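The values are calculated or read from the model by the stated rules, or taken from the named source; none is laboratory data. In this text, all values refer to a predicted model and were calculated from it rather than measured experimentally. Ideal geometry is used to build each Cβ from the backbone, glycine not excepted, and the neighbour counts take in all protein chains shown.
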Amino acid sequence: MTGSHDNPSENIPLGVTASPDPERSVEAQRADLADTVAALAAKADVPTRVQDSANVRLQKAKALAEENPQILTAVSLGIVLVALIIFRRKRSHGRSDR
């Protein structure tokens, strides 16, 4: 009689080794499952991932600004000029409406 219960190693999926200690095997599977669940939970936490990504980009921008202060000065000057242009246009449109 050759049933599926005669050789238990036939029921083990490919890539999984049989353990002589079934309790150890169950504990190892639980640990692997816990790691998988933790990884999936981390991927599902989109707000934290976005915040982490923003922090990394901010740190890179700060490092670049410290290495090249001319870039920071040029960007600051550009922002001031744009703000000045917007301010002047709003003032001149306010006067022409009167």
Residue pairs meeting the criteria (Cβ under 6 Å; at least 6 apart or on separate chains; first on the phi > 0 side of the Ramachandran plot, in region 11-33; second modelled with pLDDT of 65 or more and β-branched (Val, Ile, Thr)): none
Every residue from region 68-78 that is surrounded by 10 or more Cβ atoms within 10 Å (Cβ to Cβ) and in a helix (DSSP H, G or I): 71, 72, 73, 74, 75, 76, 77, 78
Residue that is surrounded by the most Cβ atoms within 10 Å (Cβ to Cβ) [pool: residues in region 45-64 that are at pLDDT below 90 and of a type in the set (Gly, Ala, Ser)]: 61
